[in-house]
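To start, the structure under review is shown below, and the notes come after it.
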Amino acid sequence: MNNIFVSTACLKGDKSYDRVINEFLDNGIKNIELTGVHPYTENNELEKILLNYISKGINFTFHNYFPPPKEPIVLNYLTQNLELKEKCKSIISNAISLAKKTGVKTYAFHPGYYREAEIGKKGNFNFFGTDRKSFDYGFDVFKNDFVNFYKSLELDNKKEDICLGFENLFPNPDGTNDSFMCNFEEISKVFDHAEKEKINLKLLIDLGHLAISANHLKFDRYEFLENIINNYGDKIFEIHISENDCISDLHNRININSWQLNALKLFKKLDNFKDIIFTYESRGMLISEIKNDLELIKKSLI
């Protein structure tokens, strides 16, 4: 299937572009999602790298913290730090610019957090401060800032331009919540307003994130998916697949009994099913494990 992708975060070991992409290519994997695990590379050089692989038949999508900036930051569009906000906008703008230059069609990112954060030693976020904002705050930023930023990217002027999307997020392991857009009601408000503003914002559903949110926020994950599919199915352009303990975003492997394999079948009724990208996003895997798990995903989507 041409719409099953693999994140570059999946492969265990060195994350240099050539090492990861060549190993995928050598094993017949040509649909690759680039994410923020790679070393900083100048935009012009990165463009050359991607165009070289595209000429070899690779299809790319971009995700979240990509391309990684020279100085690591937490990509948080809801930050109250104006200097950080400009750096976040720069990451998104760079992704869009690179996508247009290379013909990549898809970029989705995490829409933001209610407190400031720093990057932990294991790549996790450590939130700090007592001034935790709320969904209403995040929604105001979306309405009064992000919509105008989206329009400045000139995404909807041509059909061949990239589609930009938000990814559903999840509460903290202790049940507190610093993340924007975790349940159906929040997604509904965001996408109804996007429709009102006539911006073609898309939606990435991360099934691992969904499991955590459903657990902490006490809602049914299948009811969530049915509501999303029935009401915003035309906005869904990507699905992320990885398992966890419903508490933390562990990016574990799927297995034959994974609930997510059954959940994937729900998307088959959508008219745009063949256009949706299904991306495997588990981490620390050998190439043989990745290939094995891709077969499980493929069987669920046939």
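With the condition kept exactly as written, say whether any residue in the stretch 18-29 is among the aromatic types (F, W, Y), at pLDDT 95 or above and within 17 Å of the chain's Cα centre (by Cα). Spell out the reasoning first.
Of the stretch 18-29, the ones among the aromatic types (F, W, Y) are 24.
Remaining after also requiring at pLDDT 95 or above: 24.
Then keep just the ones that are within 17 Å of the chain's Cα centre (by Cα); that gives none.
No.
Which ones in the stretch 117-140 are touching a Gly at 6+ places or on another chain (Cβ under 7 Å) and within 25 Å of L153 (Cβ to Cβ)? The answer is G138, and nothing else. Restricting the stretch 85-115 to residues that are without any contact (Cβ under 8 Å) to a residue 24 or more places away in the chain and either open to solvent by 20 Å² or more (accessible area, probe 1.4 Å) or among the basic types (K, R) (or both), the residue that is nearest to D140 (Cα to Cα) is K85. The listed residues are D220, D206, D249, and the only one of them that is among the acidic types (D, E) and out of contact with any helix residue (DSSP H, G or I) (no Cβ under 8 Å at 6 or more places or on another chain) turns out to be D206.
Screening the stretch 167-191 for residues that are in a helix (DSSP H, G or I) and more than 21 Å from Y65 (Cβ to Cβ) and picking the one that is nearest to the chain's Cα centre (by Cα) gives I187.
Filtering the stretch 85-117 to residues that are within 28 Å of N172 (Cβ to Cβ) and among the aliphatic types (A, V, I, L, M) leaves I91, I92, A95, A108, A117. Given the criteria surrounded by 14 or more Cβ atoms within 10 Å (Cβ to Cβ) and without any contact (Cβ under 8 Å) to a residue 40 or more places away in the chain, does I228 qualify? The answer is no for I228.
Taken over the stretch 144-176, residues that are acidic (D, E), open to solvent by 10 Å² or more (accessible area, probe 1.4 Å) and under 14 Å from L201 (Cα atoms) amount to 3. For the stretch 24-46, the criterion of being farther than 19 Å from P67 by Cβ and part of a helix (DSSP H, G or I) is met by at least one residue.
Report yes if K291 is under 18 Å from I29 (Cα atoms), open to solvent by 80 Å² or more (accessible area, probe 1.4 Å), in contact (Cβ under 8 Å) with a residue 60 or more places away in the chain and more than 18 Å from the chain's Cα centre (by Cα), otherwise no. Let's see the steps before the verdict.
Working: under 18 Å from I29 (Cα atoms): yes; open to solvent by 80 Å² or more (accessible area, probe 1.4 Å): yes; in contact (Cβ under 8 Å) with a residue 60 or more places away in the chain: yes; more than 18 Å from the chain's Cα centre (by Cα): yes.
Criteria met by K291.
On inspection, N157 fails the criterion of being farther than 25 Å from L210 by Cα and part of a helix (DSSP H, G or I). If you go through the stretch 53-75 and keep only what is open to solvent by 40 Å² or more (accessible area, probe 1.4 Å), closer than 19 Å to E23 by Cα and either assigned to a loop (DSSP other than H, G, I, E, B) or small (G, A, S) (or both), you end up with S55, K56.
Condition check for A95 on (1) touching a Pro at 6+ places or on another chain (Cβ under 8 Å); (2) over 23 Å from S282 (Cα atoms); (3) hydrophobic (A, V, I, L, M, F, W, C): one failure, at (2).
One line per residue, one yes/no per condition, for (1) surrounded by fewer than 18 Cβ atoms within 10 Å (Cβ to Cβ); (2) free of Cβ contacts under 8 Å to residues at least 40 places away in the same chain; (3) at negative phi:
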position	(1), (2), (3)
K12	yes, no, yes
S16	yes, yes, yes
D26	yes, yes, yes
I32	no, yes, yes
T41	yes, yes, yes
L51	yes, no, yes
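Residue count for the stretch 92-149 under the criterion of being at pLDDT below 95, acidic (D, E) and either closer than 21 Å to H38 by Cα or assigned to a strand (DSSP E or B) (or both): the result is 1. Filtered by the rule that a residue be open to solvent by 40 Å² or more (accessible area, probe 1.4 Å) and in contact (Cβ under 8 Å) with a residue 60 or more places away in the chain, the stretch 231-269 gives I247, D249.
The values are calculated or read from the model by the stated rules, or taken from the named source; none is laboratory data. Values in this document were obtained by computation on a predicted structure and should not be read as measured data. Positions of Cβ are backbone-derived with ideal geometry, glycine not excepted, and every protein chain shown enters the neighbour counts. In case anyone asks, the SASA skips ligands and DNA or RNA and just uses the protein heavy atoms, side chains included. Shrake-Rupley method; radii C 1.70, N 1.55, O 1.52, S 1.80 Å.
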